[in-house]
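Here is the structure we will look at.
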There are 2 protein chains.
Amino acid sequence: MRTFEEILRLVDEQLRALVLPENPKGLYNPIEYILSLGGKRIRPSLLLMSANMYADDLSPYVAPATAFEIFHNFTLLHDDLMDKADQRRGQSTVHKKWNDNTAILSGDVMLVVAYQQLAHIDPTHLSKILPLFSKMAAEVCEGQQYDMDFETRADVSQAEYLEMIRLKTAVLLGACLKAGALLADAPQEDADYLYDFGVSLGIAFQLMDDLLDVYGDPTTFGKKIGGDIVCNKKTFLLINARNSLSEEIRKELDSWMNCQTCKPEEKIAAVTTLYSQIGVKNLCEEYMQIYFERALASLAKVKVDDIRKKALRGVAENLMSRNK
Amino acid sequence: MRTFEEILRLVDEQLRALVLPENPKGLYNPIEYILSLGGKRIRPSLLLMSANMYADDLSPYVAPATAFEIFHNFTLLHDDLMDKADQRRGQSTVHKKWNDNTAILSGDVMLVVAYQQLAHIDPTHLSKILPLFSKMAAEVCEGQQYDMDFETRADVSQAEYLEMIRLKTAVLLGACLKAGALLADAPQEDADYLYDFGVSLGIAFQLMDDLLDVYGDPTTFGKKIGGDIVCNKKTFLLINARNSLSEEIRKELDSWMNCQTCKPEEKIAAVTTLYSQIGVKNLCEEYMQIYFERALASLAKVKVDDIRKKALRGVAENLMSRNK
């Protein structure tokens, strides 16, 4: 079994070895740029760790693993454009550094480049992985659409929110794990359990993101604390607060949300206090724990020795104890 | 052999039978909308006609044929957004009817839906078609990038222009024809000649588009005559005019191009007269003829009976005698 560090090295090597056409530069330079910004490379690592449970030689799987990482970065590129975000990982986003049209078209070709990585898979496995990848890709778009729809809706339920983050964030993790298993000829049942493991882990991961944005440590959290509160982002916390409050306290929350002239720090402090008082912080932590345990239960059903699951369990535990 | 009308019916049936998820509506309705606007469906028809040269049962090929049509419409959707075009086939473009973000995200998922249609191909053929499709898709994006790059460049050469339209327009026709041949187990040589046939035909087709925009019959041409002239679009005509003129006449052309207050009709009339006088109309017709003959020469090399090539030759001739 490879260590997480060894697997990460395989991923980085493959990404560095990625040869894009030299021209037109306006099309391909933004792809090199966004891939160079780094990131945890968690998705391709999950694919390789999953495959490593069934196979020792991981070389046939690094190209498909890269496909998932390129796809992930494609979604970041287009999401940042749609969300009009200026920064990504402390650097200018593509549409800021270049322009909107560049972000659209470079993103498009990036999605194609992801599929080109899949084409390295042998015919038998390709016909299993291609539909899995495309279904995931469509679902991630659906999740982004729901997320945007929620911006203009006041009545989003907790169930709708959980479904949105399942689509936008979690199915990609599930698909990476399932793809790794299928590529390494795992039994279909194992592949399905690994998918479930990834989806539950992904939901727990996103709930933690919601929490960290409010309660994270400003010295270690990569972004400014309270960003979601400032822009009224419909998170698990906000949705549950709005759905559970007395008329009176809800009005207080609404007045902060509608206030155009309030200072960000005051709004963040007030809403954070409110979240803690009414118990949505606890509720979010509970749900995070539920999904994390659900993930571990799915992993437990996978029919390989515990020793071969150790790396995946370690990553899951690390993700849940992260502070950024 | 199926007639063109029979093949068109197969394409339309398959497009109508396309089942997209019902929700989220903001994501999938724009796809149904743009596919409902019609179009000549020339690309999937070319794929099926190519396959029909080698196979009588076309049913295995209608899903992949649809993939190419959906891809084509995806490029229209994103190109219209990048070009800020208000109308497509006499109707509002997606970003006008909805908004920019909808056009970005619906386009993205449309590209994924195209790949989902490819997943219906059996494993052996899939591993040939997937790289062909992705290479074509990347090249079409490259062509669009060059087209946008040309907008801000004054020194575009004829060779660069021909390469741009090869990428943006022609390789898609070539890939359709090659895919049809490969799917129906044509010899590799035939598949390559059919690709060349499609690429040359596509270049001739685009040169005719450039001509029709200026010299088309206003009563049959779908769009307003002179649109390319009004917006200084770098066409074969404009590029050759600028590269061949005496300093004096070039200044006249430039003054029309830079004139912000000129009436469109006057600008169109003046530039059209100039094109005819200096012979770029003739030059464009010559090049169109050269590429059309090159296309027929490639088709002639395909090793099937002439009777089985009749449908494809008919389509090529129709495309070259169109008036819209």
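Only the coordinates and a few stated rules stand behind these numbers; no lab work does. Everything quoted here is computed from the prediction, not taken from an experiment. Cβ placement follows ideal geometry from the backbone for every residue including glycine, while neighbour counts extend to all protein chains displayed.
Here are the numbers for the structure shown:
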item: Neighbour-count ranking [beta-carbon atoms within 10 angstrom, fewest first] of A:141, A:262; result: A:262, A:141
item: Percent RCO, i.e. relative contact order, over the stretch A:150-324, from Cα pairs under 8 Å lying at least 6 residues apart; result: 29 percent
item: HN-Hα J in Hz across the stretch B:160-176 - Karplus 6.51, -1.76, 1.60, θ = phi - 60°, x for Gly and Pro; result: 5, 5, 5, 5, 4, 6, 4, 6, 6, 10, 7, 5, 5, 5, x, 5, 4
item: For the stretch B:98-145 and the stretch A:178-228, distance of Cα centres in Å; result: 27 Å
item: Shielding of B:72-79 by partner chains, average beta-carbon count, 10 Å; result: 1
item: Helical mean residue ellipticity (222 nm; -39500 (n - 2.57) per DSSP H run of 4+; nearest 500) of the protein assembly as shown; result: -24000 deg cm²/dmol
item: Fewest-first ranking of B:165, A:307, using other Cβ atoms within 10 Å as the exposure measure; result: A:307, B:165
item: Relative packing of B:232-240, B:193-201, which averages over residues the other C-beta atoms within 10 Å, highest first; result: B:193-201, B:232-240
item: Inter-copy separations for residue B:273, label at 7 Å along Cα-Cβ, nm, ascending; result: 7.8
item: Likely footprinting exposure, A:290, B:225, fewest C-beta neighbours within 10 Å first; result: A:290, B:225
item: For residue A:322, label point 7 Å along C-beta direction: distances to other copies, nm; result: 5.0
item: Cysteines (scope chain B) whose Cβ has no counterpart Cys Cβ under 4.7 Å; result: B:141, B:176, B:231, B:284
item: Cβ-Cβ FRET estimate between residue A:266 and residue A:317, R0 fixed at 30 Å, reported to 0.05; result: 0.20
item: Within 10 Å of each Cβ in B:95-104, the average number of Cβ atoms from other chains; result: 3
item: Cβ crowding within 10 Å averaged over residues, with B:27-39, A:37-49 ranked highest first; result: A:37-49, B:27-39
item: Ordering of B:128-134, A:263-269 by burial proxy (mean other Cβ atoms within 10 Å per residue, highest first); result: B:128-134, A:263-269
item: Whichever aspartates and glutamates have a C-alpha closer than 19 Å to that of residue B:303, once near sequence neighbours (fewer than 8 apart) are set aside; result: B:56, B:185, B:189, B:190, B:192, B:196, B:293
item: Phi to ³J(HN,Hα) by Karplus 6.51 cos²θ - 1.76 cosθ + 1.60 over the stretch B:243-256, Hz, x for Gly, Pro; result: 7, 10, 7, 5, 3, 5, 6, 4, 4, 4, 4, 4, 5, 5
item: Cα gyration tensor category, rounded, prolate or oblate, for chain A with a/c compared to 1.5; result: oblate
item: The stretch B:56-69 - phi-based ³J(HN,Hα) in whole Hz, Karplus 6.51/-1.76/1.60, Gly and Pro as x; result: 8, 7, 8, 4, x, 9, 6, 5, x, 4, 5, 4, 5, 5
item: Above-threshold pairs, the threshold being 32 Å between Cα atoms, out of B:178/B:224; B:281/B:310; A:97/A:281; result: B:178/B:224; A:97/A:281
item: Anisotropy class of the stretch A:150-324 from Cα gyration tensor, a/c 1.5 cut; result: prolate
item: Cross-link pairs beyond the 25 Å C-alpha cut-off, checked among B:40/B:168; B:84/B:233; A:25/B:234; B:96/B:267; result: B:96/B:267
item: Whole-Å semi-axes of the protein assembly as shown's equivalent ellipsoid (Cα gyration tensor); result: 47, 32, 21
item: Exercise: per-residue mean of other protein chain Cβ atoms within 10 Å, B:133-142; result: 6
item: Cβ-vector label at 7 Å, residue A:243, separations to other copies in nm; result: 6.3
item: Rotational relation A to B, axis-closest Cβ in chain A, residue and distance rounded to whole Å; result: A:123, 2
item: Relative contact order %, chain B, counting alpha carbon pairs below 8 Å whose residues are six or more apart; result: 18 percent
